[in-house]
1. Between ASP44 and GLU7, what is 0.36 nm times their sequence separation minus the Cα-Cα distance? Round to one decimal in nm.
2. VAL5's amide H: which non-local residues (gap 5+, or another chain) put their own amide H closer than 5 Å, with H modeled 1.01 Å from N in plane and none for Pro or chain starts?
3. Report in % the part of the accessible area of segment 4-45 that belongs to carbon and sulfur, leaving out ligands and nucleic acids; probe 1.4 Å.
4. So what's the net charge close to ILE73: Lys and Arg +1, Asp and Glu -1, counting the other residues with Cβ under 14 Å from its Cβ?
5. What nm distance separates the two modelled labels at ALA86 and ILE52, each placed 7 Å from Cα along Cα→Cβ?
6. Testing the spin-label approximation: label points 7 Å from Cα along Cα→Cβ at ARG143 and ARG162. State their distance in nm.
7. Could you give the size of the charge dipole of the chain about its Cα centre, using +1 on the Cβ of each K and R and -1 on the Cβ of each D and E, expressed in debye and rounded to the nearest 20?
8. Among the DSSP beta bridges whose two residues both lie in the chain, what percent are antiparallel, rounded to the nearest 5?
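The values are calculated or read from the model by the stated rules, or taken from the named source; none is laboratory data. Everything numeric in this text was worked out from a predicted model, so none of it was measured. Glycine also receives a Cβ, built like all others from the backbone with ideal geometry; neighbour counts cover every protein chain displayed. The accessibility values were calculated without ligands, DNA or RNA, using every heavy atom of the protein model including side chains. Shrake-Rupley method; radii C 1.70, N 1.55, O 1.52, S 1.80 Å.
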Amino acid sequence: MTIDVVEGDITSLQVDVVVNAANTRLAGGGGVDGAIHRAAGSADLQRACRAIGGCPTGEVRVTPAFRLPARAIYHTVGPVWQGGAAGEEALLRSCYRHCLQQLIEDQLQSIVFPAISCGVYGFPPQLAVPVAVAEARRALRQRPDLGVIFCCFDSAMADLYRQALSAPS
Ligand code: ADP
């Protein structure tokens, strides 16, 4: 099983799939979404996203990676944190599960995730990270050849992932 944690910019990683924390309109935005659009080439990526139309929360849509050093971008829409009683955890789990299922369906191997919903969408990282790690472990039990990377913008977030990964599954 390989699950790695890296600190830095998700757009610089060479992997099969880069996951984007998108919005339901797939319209691009700030944070990791903006960084991915800029690095992939905004015009190309916006055209591809417009052709798809949108994506419900918890699901995934696929576009080419254009100028990113990857084969595809998986756009998934995390939940906006509303206090925790609105099904946020299940929706976040669904994001990771759908992306990992799509990776297997597409017969690709390596995938990098940002900390979905942990920025502007306000999901508490200490609750989000165990969900992400549990879903990665679940996929790797099914397909031990997969490589999952969690890319963090700061070291506090990376520490949370390292802690979760050092705990038994
Ligand atoms: P959301 O709207 O789903 O909350 P954000 O983009 O606001 O998404 O933030 C998600 C996480 O991605 C945050 O932890 C943020 O620090 C991180 N982030 C922002 N830009 C990048 C980047 N270029 N590479 C990796 N992580 C990033």
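1. 10.6 nm
2. PHE150
3. Within segment 4-45, the accessible surface is 44 percent carbon and sulfur.
4. Local net charge: +1.
5. The answer from the label model is 2.3 nm.
6. That separation, rounded to one decimal, is 2.9 nm.
7. That gives a dipole near 340 debye.
8. Antiparallel: roughly 25 percent of the beta bridges in the chain.
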